[in-house]
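Heads up: the structure comes next, in structure tokens.
The values are calculated or read from the model by the stated rules, or taken from the named source; none is laboratory data. The shown structure was predicted, so the numbers you read here are calculated from the model rather than taken from an experiment. Every residue, glycine as well, gets a Cβ built from its backbone with ideal geometry; the counts of neighbours run over all protein chains shown. These area figures cover heavy atoms from the full protein model, side chains too; ligands, DNA and RNA do not enter into them. Shrake-Rupley method; radii C 1.70, N 1.55, O 1.52, S 1.80 Å.
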Amino acid sequence: MKNLIGNDWDEILAPVFQSENYQELHNFLKEEYQTKTIYPDMYHIFTAFKLTPFAKTKVVILGQDPYHNPGQATGMSFSVNPGIALPPSLKNIYKELYDDVGAVPVDHGYLKKWADQGVLLLNAVLTVPYGKANGHQGKGWEFVTDQAIKRLSERGNVVFILWGRFAQNKIPLIDQNKNFIIKSSHPSPFSADRGFFGSRPFSRCNDALKQFNEAPIDWQLPAKVNRTEIV
């Protein structure tokens, strides 16, 4: 299990990766990938962790599970590869981003620039069967991602952006004396009008980072993504 991710997350999550629970999850996923279409592909399961090491994580945007349609899942919450149509939730994120900090919406949904700056784009469940949202919920991934949240919380000075009830169920894992929580309704078209629009999560995040003596996030995404930037 060594170097499963390739950075300091391997040490942080070593007790999880060496556990019986993870071995059961590993065996389950091996069967799933052999017999079904699972997203993302197995080489991108840990992309969020690979791009944003533990020591550099200062923001967590928590999603539920990967997109479940072809070509969408990247291993980063809410992100899709260049050339893939923007999912409705991401369109609403871009709208609030513009209204909040003036970041101009782009035609792609590739959020790697945020990850490179210390924004861990984490899904609570890291895999999903084709066409079956939440299909791997309760299969063991929560054991891994809950531990990641706990360890970041213990370290402190992290801004947790929690959109929707599912993400907010993780609040008990977070020490609010050492970290900052931003919560609202989910950016989904079904709930964005019930508190997401106007919640100003991006400027509030940067204000909190300044309080932690951390550099703010440049939320403006590049207009185009070079092929060499795609992981």
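What number, in percent, do you get for the relative contact order of region 90-168 if the mean sequence gap of Cα pairs under 8 Å and at least 6 apart is divided by its residue count?
Numbers: 32 pairs, mean separation 11.8, N = 79.
For region 90-168, the relative contact order is 15 percent.
Carbon-plus-sulfur fraction of the accessible area of the chain, 1.4 Å probe, in percent? Numbers along the way, then the final one.
Values: 5400 of 11170 Å².
Taking all protein chains in place, the chain shows 48 percent carbon and sulfur surface.
Considering the zone a paramagnetic label at Lys91 would reach in this model (a point 7 Å from Cα along the Cα-to-Cβ line), which residues of region 153-196 have amide N under 19 Å from it?
Only 186-196 fall inside the zone, counting backbone N under 19 Å.
Please give the calculated 222 nm ellipticity per residue for the chain, where each DSSP H segment of at least 4 residues contributes -39500 (n - 2.57) and the sum is spread over every residue; nearest 500 deg cm²/dmol? Each step should come with its number before you reach the end.
Details: 9 runs with 79 residues, N = 231.
The helix-only estimate for the chain comes to -9500 deg cm²/dmol at 222 nm.
Given contacts defined as C-alpha pairs under 8 Å and at least six residues apart, what's the relative contact order of region 4-133, whole-number percent? Let's see the in-between values first.
Values: 194 pairs, mean separation 43.0, N = 130.
So the answer I get is 33 percent.
Relative contact order for region 8-229: what percent, with Cα pairs under 8 Å and sequence separation of 6 or more?
Averaging sequence separation for qualifying contacts and normalising by length gives 24 percent for region 8-229.
In whole angstrom, how far apart do the alpha carbon centroids of region 182-231 and region 54-96 sit?
If we compute the Cα centre of each part, the gap is 11 Å.
State in Å² the accessible area per residue of the chain; use a 1.4 Å probe, count heavy atoms of protein chains only, and round to the nearest integer.
Values: 11170 Å² over 231 residues.
For the chain, the solvent-accessible area averages 48 Å² per residue.
Find the percent of Cα-Cα distances in region 67-186 that exceed 26 Å, and round it to a whole number.
Numbers: 1626 of 7140 pairs.
Percent of Cα pairs beyond 26 Å in region 67-186: 23.
From the P(r) of the chain, can you give the percent of Cα pairs sitting at distances over 32 Å?
When every Cα pair of the chain is considered, 13 percent fall beyond 32 Å.
Return, ordered by residue number, the residues of region 107-151 whose backbone nitrogen is under 16 Å from a label point located 7 Å along Cα→Cβ of Asn27.
139-141
Using the basic label-point model (7 angstrom from Cα toward the beta carbon), what is the Ala223 to Gln117 distance in nanometres?
If labels sit at Ala223 and Gln117, their model points lie 1.9 nm apart.
Based on DSSP, what percent of beta bridges with both residues in the chain are antiparallel, to the nearest 5? It would help to have the intermediate numbers written out before the result.
Details: 2 of 16 bridges.
Roughly 10 percent of the DSSP beta bridges within the chain come out antiparallel.
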